[in-house]
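Reading through the structure tokens given below for one structure.
The values are calculated or read from the model by the stated rules, or taken from the named source; none is laboratory data. From a predicted model like this one, the values you see are computed outputs, not experimental measurements. Virtual Cβ from ideal backbone geometry, glycine too; neighbours counted across all protein chains shown. Please note that ligands, DNA and RNA were not included when accessible areas were found on the heavy atoms of the full protein model with its side chains. Shrake-Rupley method; radii C 1.70, N 1.55, O 1.52, S 1.80 Å.
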Amino acid sequence: MSDAFDVIVIGAGPGGYVCAIRAAQLGLKVACVEKRETLGGTCLNVGCIPSKALLQSSELFDEAQHKFADHGVGVGAVKLDLARMLARKGEVVGANVKGVEFLFRKNKVTWLKGEGSIQAPGTVSVAGKDYSAKHIVIASGSESIPLPGVEVDEKQIVTSTGGLELTAVPKHLVVIGGGYIGLELGSVWRRLGAEVTVVEFLDRLVPSMDLEVGKAFERILAKQGIKTKLKTKVMGATKSKKGVTLTLEAAAGGAAEELTADVVLVAIGRRPYVAGLGLDKAGVALDERGRIKVDGHYATNVPGIYAIGDVITGPMLAHKAEEEGVALAEMLAGQKPHVNYGAIPGVVYTWPEVASVGETEEQLKARGAAYKVGKFPFTANGRARAMGDMDGFVKILADKATDKVLGAHIIGPDAGTLIAEMALAMEFGASAEDVARTCHAHPSLNEAVKEAALAVDGRALHI
């Protein structure tokens, strides 16, 4: 194997492996550095994929307990086989990571196994051996942010990694952080029988969410039995054989209180993972939040070194990293791609799901935009009623003068799938009228999107 490459990508997560594959498709000689035993990064190994496997399994368990009877399906006493559920999760992960390895072989991407560090522009060291590249792409991802005074052991106090591997359902799980990760894992263990309390420093869950949707989300989670303590700060944690005792304090100050739990999940966010990459040696500049500074072409301040995904500015989403990986690969091959950051969707994979793309109503108000709102509830959607999943609604925001879609927000069944239509509409600069005039199959959940688009103009048909 030659030690010289056109492109060396450091990190084989969604951004890195997609960048490597696309660059290879375009005729470049590519290597990808990964220190894990398997490809796919955090997302495929201990993040997106295993969490969705557990979400799916726990949803089925919950349905068997509480919903099957409504459909005339009797199953007797429902038992939880947690070991099998965790084993299935592992099988799902295994199939996915093997799939990436197959794609590397298919596209002739060389996997350099080990930890990579940049020795100088154009040189990457992996497992004690130096490799040269015309272009170096940093796609090393992110890691869980630690919380002072709350020491993670991945047994009693866990990050999302440990939260996916609990061998018994905790009696009481406390989730520190009311964001995507904490709410998804909290909902998994709640369905499996745990008492779940979410402690959030801010005055609302998922603060980036449209406020109206967020309030509805909090009500639905409360109905599911998830308790919340908002405007609350965690000051410290004490572990014992019986569990963990958290010391809490109101965010605005005040008397401290204690909260006990069997397991504590720390999910206060993620930060760029740049340790050991040799960025200081290479002279790569970081911003005040530890992210790698890049220009509009993902280039750092050092010629020949680029960065994408969680290590640069923007939402820490796997699909955002993938789009950047493809765009950068095409730029390196001489093409002129573009990523529309205004049309990148975000999804919380609880049930119901919550999905959004574009601006929230609060953002539109803050910039003084004149806009129209169209909403449609799933209670008025025939397919949702047939499914027995009628919580939530679709909300579309459009420019008052031009009717161009500015944002869309969905809370309801399969919201993560439904949002794709609105992302596509925004990508092509569509109006709410364009969406409303598009024929949607009946009966389908997608009809709620069409009706919300009709409602922008005050002419919804089924409400």
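Quick check, is residue 334 over 22 Å from the mean Cα position of the chain (by Cα) and crowded, with 19+ Cβ neighbours inside 10 Å? When the stated conditions are applied, residue 334 does not pass them.
Comparison of 29, 35 shows that the only residue that is in contact with a Phe, Trp or Tyr (Cβ under 7 Å, 6 or more places away or on another chain), open to solvent by 20 Å² or more (accessible area, probe 1.4 Å), at negative phi and basic (Lys, Arg) is 29.
From the list 104, 68, the one residue that fits, being open to solvent by less than 20 Å² (accessible area, probe 1.4 Å), more than 22 Å from residue 168 (Cβ to Cβ) and out of contact with any Pro (no Cβ under 8 Å at 6 or more places or on another chain), is 104. In the set (1) at pLDDT 95 or above; (2) over 26 Å from the mean Cα position of the chain (by Cα); (3) surrounded by fewer than 14 Cβ atoms within 10 Å (Cβ to Cβ), residue 297 fails one condition alone, (2). Every listed requirement among (1) open to solvent by 30 Å² or more (accessible area, probe 1.4 Å); (2) assigned to a loop (DSSP other than H, G, I, E, B); (3) at pLDDT 95 or above is met by residue 166 save one, (1).
Could you tell me whether residue 308 is open to solvent by less than 20 Å² (accessible area, probe 1.4 Å) and not aromatic (Phe, Trp, Tyr)? So residue 308 passes the test.
For the range 203-222, the set of residues classified as under 17 Å from the mean Cα position of the chain (by Cα) and open to solvent by 10 Å² or more (accessible area, probe 1.4 Å) consists of 207, 208, 209, listed by residue number.
Within the range 274-292, the set of residues being over 22 Å from the mean Cα position of the chain (by Cα), surrounded by 14 or more Cβ atoms within 10 Å (Cβ to Cβ) and either outside any loop (DSSP other than H, G, I, E, B) or charged (D, E, K, R) (or both) comprises 279, 282, 286.
Check whether at least one residue in the range 359-376 is of a type in the set (Val, Ile, Thr), touching a strand residue (DSSP E or B) at 6+ places or on another chain (Cβ under 9 Å), in contact (Cβ under 8 Å) with a residue 24 or more places away in the chain and buried (at least 22 other Cβ atoms within 10 Å of the Cβ), and report yes or no. No; the residues of the range 359-376 include none that is of a type in the set (Val, Ile, Thr), touching a strand residue (DSSP E or B) at 6+ places or on another chain (Cβ under 9 Å), in contact (Cβ under 8 Å) with a residue 24 or more places away in the chain and buried (at least 22 other Cβ atoms within 10 Å of the Cβ). When residues in the range 131-157 are screened for being within 24 Å of residue 115 (Cβ to Cβ), buried (at least 20 other Cβ atoms within 10 Å of the Cβ) and among the hydrophobic types (A, V, I, L, M, F, W, C), 5 of them pass. Mind telling me which of the residues 313, 350 ends up being open to solvent by less than 10 Å² (accessible area, probe 1.4 Å) and either not charged (D, E, K, R) or not in a loop (DSSP other than H, G, I, E, B) (or both)? Only one candidate passes the filter, namely 350. For the criterion of being open to solvent by 50 Å² or more (accessible area, probe 1.4 Å), modelled with pLDDT of 95 or more and within 12 Å of the chain's Cα centre (by Cα), residue 319 passes.
Scan the range 421-444 and tell me whether some residue there is touching a Leu at 6+ places or on another chain (Cβ under 7 Å), among the hydrophobic types (A, V, I, L, M, F, W, C) and in contact (Cβ under 8 Å) with a residue 60 or more places away in the chain. There is no residue in the range 421-444 that is touching a Leu at 6+ places or on another chain (Cβ under 7 Å), among the hydrophobic types (A, V, I, L, M, F, W, C) and in contact (Cβ under 8 Å) with a residue 60 or more places away in the chain.
Listed here are the helices (runs of 4 or more DSSP H) enclosed by the range 364-463 that have at least 2 residues being more than 23 Å from the chain's Cα centre (by Cα) and over 21 Å from residue 340 (Cβ atoms): 382-387, 432-437, 447-456.
To keep it simple, each residue is scored yes or no on (1) in contact with a helix residue (DSSP H, G or I) (Cβ under 6 Å, 6 or more places away or on another chain); (2) closer than 25 Å to residue 324 by Cα.
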{"position": "8", "(1), (2)": "no, yes"}
{"position": "15", "(1), (2)": "yes, yes"}
{"position": "41", "(1), (2)": "no, yes"}
{"position": "53", "(1), (2)": "yes, no"}
{"position": "56", "(1), (2)": "no, no"}
{"position": "62", "(1), (2)": "yes, no"}
{"position": "65", "(1), (2)": "no, no"}
{"position": "68", "(1), (2)": "no, no"}
{"position": "91", "(1), (2)": "no, no"}
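Total residues in the range 48-105 satisfying the condition of being part of a loop (DSSP other than H, G, I, E, B) and acidic (Asp, Glu): the figure is 1. Selection of first residues in the range 72-89 that are within 12 Å of residue 167 (Cβ to Cβ) and of second residues that are in a loop (DSSP other than H, G, I, E, B) and open to solvent by less than 80 Å² (accessible area, probe 1.4 Å), restricted to Cβ pairs under 8 Å at least 6 apart or on distinct chains, gives the following pairs, ordered by first then second residue: 82/168; 82/169; 82/192.
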